Amino acid sequence: MNTEKQNIEIEPGIDFVEQINYLKKKKNAVILAHYYQNTDIQDIADYIGDSLGLAQQAEKTNADMILFAGVHFMAETAKILNPHKKVLIPDLNAGCSLAESCPPNLFSAFKAKHPNHIVLTYINCTAEIKALSDVIVTSTNAVQIVESYPKEQAIIFAPDKNLGAYINKKTGRNMVLWNGACEVHEIFSLEKLLKLKFQNPNTKIIAHPECEAPLLEYADFIGSTTALLNFTKKPENGNEFIVVTETGIIHQMQKYSPNKKFIPAPPNNNCACNDCPYMKLNTIEKIYLALKNEQPELILSNELINKAKLPILKMLELSKKFGL
Ligand code: 13P
Ligand code: SF4
C-alpha cells in the first residue's frame, strides 16, 4: 500500500497501540516480531525473538491469525507451519538480500553438480529453496545440526557463505558453500570497529556469524541474536559491548540491562549504526492496517508448503532434541 493511500485509511488521532490490542483480541491474532524490528513494534509484540524462537512460536501458537513483524521468508515459515491459518505481513516488500542471493533455478543446478551431498539450508531463504533442502538451520542451532551428521557426510550449505565459513571453521568440516550474503552484516567496517575498540578498551565485541571472517576474528563472542542478548545479561561478561549486528537487538539488551553500555558497530558508510532496510519497512501504522484489513496476506501453494515443511520440521525436531 502506498503511503498516501495508507494515510487516507488511518483515522486521525488514532491510538495505534490501543487499536492493535483491540483487533488482536477480536480476531484472536498473535504478533510475532523479530529483534530487528523498530522498537515500538517490539514493544507491542506478543513474542519477540530470533529466527528459531519465532519458528518455534509459530509452530505452537493457538491463535487463528499470525501477524508476522519480520521479513518475507520468516512469514513464509509461519505459513508453512500453519497452512490453515491467515498469516499477515505488514509490508510485502520486506524481503531479504540473503534470501534473494539464492534463486531456485541456479540453486537446483548447483545441487545437481554435487550429487551425494545433503543440503543444509539457513532459514534465511525462500520457501522454494527450503523445498530443495534436507534440513533447515538457524544461527542458533546450525553448529549442533551440522555436528549431528557424520564427519564424512558431504554437505552443501546455503545461502550464507559467511555463516557457512564460520560453521566450517568451528566444526572442522568442509561444507560446499553457496556464494550468498546478508548486505547488512557485510557492510560493517573493520577499520571503524577497531578504532571504536581502541577508544573503548573495556568493551567486548559481540558479533553475529553472518559477518565476514576478518571481522569475526576480533569478536569476543559470536552468536545468534538470542545468544548475543543472553551473553550481555550475564554479570561475568562485563558492562560494555560493541554490538556487531542489526541495531534492533540493542533495544532488548538495554531493557534487560539498563545500566550497561551498548555501542552499535558502525557500517562502511556515513551512518553511525546499521539498520536492515527490509526489516525497517514495517511500521506500527502498517501493523494496524494489516490487522484491520487482514491484508497483505501471505499465500503459498499447498504443493510448496508440503515440500518446504519437511526440512523445517526436521530442524524443529533436532532443536528440541538439543534442548534449544
Ligand atoms: P537470527 O534471527 O537467527 O539471529 O538471524 C539474524 C537475521 O539476520 C535475521 O534476518
Ligand atoms: Fe536479510 Fe540481512 Fe535483513 Fe536479516 S538482516 S533480513 S539476513 S538482509
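The values are calculated or read from the model by the stated rules, or taken from the named source; none is laboratory data. Computed from a prediction, not measured in an experiment: that's the story for all the values here. Every residue, glycine among them, receives a Cβ derived from its backbone with ideal geometry; neighbour counts consider all protein chains shown.
List of remarks:
- Test result for Ala154, of a type in the set (Gly, Ala, Ser) and closer than 18 Å to Val71 by Cα: no
- In this entry, His185 passes the filter for residues that are touching a residue at least 40 places away in the same chain (Cβ under 8 Å) and within 20 Å of Ile123 (Cα to Cα).
- Residue under evaluation Asn270, criteria (1) surrounded by 17 or more Cβ atoms within 10 Å (Cβ to Cβ); (2) away from ligand 2 (no atom under 16 Å from the Cβ); (3) at pLDDT below 95, criterion not met: (1)
- Elements of type helices (runs of 4 or more DSSP H) contained in the range 158-252, each with 2 or more residues being farther than 30 Å from Ala109 by Cα and within 12 Å of ligand 1 (Cβ to nearest atom): 225-233
- Residue match in the range 1-22 (condition: within 23 Å of Ile250 (Cα to Cα), hydrophobic (A, V, I, L, M, F, W, C), at pLDDT 95 or above and buried (at least 21 other Cβ atoms within 10 Å of the Cβ)): no
- Test: residue in the range 268-275 that is away from ligand 1 (no atom under 16 Å from the Cβ) and among the hydrophobic types (A, V, I, L, M, F, W, C): yes
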